[in-house]
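What follows draws every value from the coordinates through simple rules; no lab data is involved. If you're wondering where the values come from, they're calculated on a predicted model, not measured in any experiment. Cβ coordinates were reconstructed from backbone atoms using ideal geometry, including for glycine residues, and neighbour counts include every protein chain displayed.
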């Protein structure tokens, strides 16, 4: 399979605090990867390095087989951040307007939307099941609906890779179930490559096709069945001996 993300021997530290140590990590085209690890394990830092927001102290990152320093096709990557705990519910914008912001990278801030752009926005909104709420103020939506709108914003530029950082934080259980169903549909129906950071190990392993466990270094990277077969040893290695896995079955 064609590699979409390649991290080779990535090292990073803040002052004297070592955050990443020799990380080797590959996401291939068509993968749906769940990235887990304890707080402070370097997950968010690794995402920032992949997205070009910070530079590793050592090592190399390639995106779509291009060195990060030369990569220009950022429209191929959609990103959904930890929105639920920080989003300003009073922000005066409709779902349509929020999703349209995903085109700014292509359009610039002041270019007018064409009929084709509006069609793409409505299609992205439909993909996440919010067509009947397109003109609703974003602040009037539930946490799960808001997160769907932000996925639509990431999808509107037709990316090949979608990166999600703790997307279910602050979202109710019922919405989390629907959220995973949506990601599974996007993965299968649109051949979208997914990389998702999450703490919900039990739920996540029921949906992804690859699991990566990070704490400064990669402690496991493989399929969910191998993860389950060796999870006690993997989690003790990455989290310490006091880790207990709570698995949700619905």
* Structure fact -> Taking Cα atoms, the helix 115-127 axis meets the longest principal axis of the chain at an angle in degrees (rounded to 10) of 50
* Roughly speaking, what is the stretch gain from residue 119 to residue 21, that is 0.36 nm per residue apart minus the C-alpha to C-alpha distance, in nm to one decimal? -> 30.8 nm
* **Average Cα contact separation per residue, the chain, under 8 Å, 6 or more apart, as relative contact order %** => 26
* **Relative contact order, percent, the stretch 131-210 [alpha-carbon distance under 8 Å, six or more residues apart]** => 33
* Grab the Cα-Cα distance for residue 58 and residue 158, subtract it from 0.36 nm times how many residues apart they are, and report the gain in nm with one decimal. => 32.8 nm
* Provide the FRET efficiency to the nearest 0.05 for the residue 91-residue 126 pair, computing r from the beta carbons and using R0 = 35 Å. => 0.95
* When DSSP assigns beta bridges and you keep just the ones with both residues in the chain, what percent turn out antiparallel, to the nearest 5? -> 55
* **Helix 173-189 vs. the chain, principal-axis angle (Cα, 0 to 90°, nearest 10)** => 90
* Structure fact -> What the Cα atoms of the stretch 3-239 span along the principal axes, largest first and in whole Å, is 50, 40, 34
* Asked: How much length is gained on full extension from residue 236 to residue 169, taking 0.36 nm per residue of separation minus their Cα-Cα distance?
  -> 21.7 nm
* To do: Can you tell me the FRET efficiency between residue 209 and residue 101 if r is taken as the Cβ-Cβ distance and R0 is 30 Å, rounded to the nearest 0.05?
  => 0.50
* To do: Could you check the simple spin-label distance between residue 11 and residue 191, using points 7 Å along Cα→Cβ, in nm with one decimal?
  => 4.0
* Measuring from label point to label point, each 7 Å out along Cα→Cβ, what is the residue 72 to residue 199 span in nm? -> 4.1
